[in-house]
1. Please note which strands (runs of 3 or more DSSP E) are completely contained in the range 229-271 and include at least 2 residues that are more than 30 Å from R196 (Cα to Cα) and within 15 Å of the ligand (Cβ to nearest atom).
2. If you check D244, D262, which single one turns out to be in contact with a helix residue (DSSP H, G or I) (Cβ under 7 Å, 6 or more places away or on another chain), acidic (D, E) and under 22 Å from D309 (Cβ atoms)?
3. Please report, ordered by residue number, the helices (runs of 4 or more DSSP H) entirely within the range 8-59 with at least 3 residues that are of a type outside the set (A, V, I, L, M, F, W, C), in contact (Cβ under 8 Å) with a residue 40 or more places away in the chain and at negative phi.
Amino acid sequence: MAVDRLGGYHDEGLETLPWDEKRGFLERRLQRAVLIAFHRAPAMREKLQAARVDPGQIRRLEDLEQVPITPKSSLAKLQAARPPFGGLLAVDPSELRRVYVSPGAIYDPEGRQPDFWRLQGVFYNAGFRPGDRILNTFSYHLTPGGLMCDEALTGIGCTVVPGGVGNADSQLQLLAQLQLNGYVGVPSFLLALIERAEQSGKAFRRDFNMEIAVTAGELLTAQVRQTFKERHGILVRQFYATADLGAIAYECPEERGMHFADHRIVEVLDPATGKHLQPGEPGEVVVTLLDNPVYPLIRFGTGDLSAYDDAPCPCGRTSPRLTRLLGRVDQAAKVRGMFIHPSQVVEVAAQFSEIQIAQAIVEREGNRDRLTFRVAVDPTVSREGLAAKLQEKIRSVMKLRAEVAFAIKEEFQEAEKRVLDLRRWE
Ligand SMILES: [Zn+2]
């Protein structure tokens, strides 16, 4: 019998709670979370005191604006100054179940609470059900990806094969022999596994049993999703989590962006002014954990760029959605009020097989930004038709008009940036 991956909620009461009531729920949790952070995490107390914020006054979602942001980029420094957790830990270290190490030698604490990272709801809502047999290809060493997903999946009642990173041939073999029907990891590694299988004469859809892949960590274009679905019979859903925060957002069956995970407050802020943005406007994702008495991060700046949509979702869940992740804030450039990001340049270029390299160049002419999309193509390629199609694609992906400039591959230097900002601000 086919499993119903599209219906049902992990926590119906909370996920479908009308927004007015959910707001009240979040605000009650917020008051508690701020008090825990203030009384037990010395770095948070100092931060609030320095900003002259009385923790008892943080009662409404709007009040959060008074709380200074703790950027992810400041963690390494904070931890070096006050090892190992920078004064952000709210318990004695003996109460930790594990300590992970993220790139940049950042320590990530994990408490002993069940479903500490709040990923069970994420995986259930993305479509995993008890009895699914899943290959988990996130790393099990040092970084939390592998274990945080593993425990959430086994918590749901799935069976997990801890594949970890790499070793494609063995992973492919066990996918077939154990007839695994689920995959967790980056989408490109699943594609690589499929290609390998097909190179050895197998038809992935016929010879394997893969039904659903839940992915994170990479851009998933609509086209790649479509290929998975139509050619290989695999449903792909995305989620967004980090090593510090755990779950942040997840896709529901509607595939219209990623719902904010419950038990978190997710904000999208203008990185320059720190002000809240309107739906559709890209800005930095800032997250507050509401139920983490171990590592009570209040307004943690992820450095990730996204935008949100608060229009009702037909799935019935009431939390807003992140439309998609655009990349890192510090790699983006703001052009005529819109962010452009290296990932968008890659996305546009990927639509055209003729394009060998692409780069977006931002310049200032008078008081106007000028955007040029510079591409390398083979000299034999007809440029006229390509330029028009390219401009149309740029408008749809970047929401900006751009001029197109052609070059040959040799004119690009290897390490050249995808977004080259030539504006000088005096
Ligand atoms: Zn939905």
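1. 258-260
2. Being in contact with a helix residue (DSSP H, G or I) (Cβ under 7 Å, 6 or more places away or on another chain), acidic (D, E) and under 22 Å from D309 (Cβ atoms) holds for just one of D244, D262, which is D262.
3. In the range 8-59, 19-40 are the helices (runs of 4 or more DSSP H) which contain 3 or more residues that are of a type outside the set (A, V, I, L, M, F, W, C), in contact (Cβ under 8 Å) with a residue 40 or more places away in the chain and at negative phi.
Condition check ((1) hydrophobic (A, V, I, L, M, F, W, C); (2) closer than 11 Å to V419 by Cα) across all residues:
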| site | (1), (2) |
| --- | --- |
| L326 | yes, no |
| A333 | yes, yes |
| M338 | yes, no |
| Q344 | no, yes |
| E347 | no, no |
| I357 | yes, no |
| E365 | no, no |
| R370 | no, no |
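For (1) under 13 Å from E284 (Cα atoms); (2) in contact with a strand residue (DSSP E or B) (Cβ under 8 Å, 6 or more places away or on another chain); (3) modelled with pLDDT of 90 or more, each residue gets a yes or a no:
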residue: F300; (1), (2), (3): yes, yes, yes
residue: G303; (1), (2), (3): yes, yes, yes
residue: D309; (1), (2), (3): no, yes, yes
residue: C313; (1), (2), (3): no, yes, yes
residue: R317; (1), (2), (3): no, yes, yes
residue: L325; (1), (2), (3): yes, yes, no
residue: P342; (1), (2), (3): no, yes, no
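The values are calculated or read from the model by the stated rules, or taken from the named source; none is laboratory data. Bear in mind the structure is a predicted one, so any value in this text is a computation, not a measurement. Backbone-built Cβ (ideal geometry, glycine too); neighbour counts: all protein chains shown.
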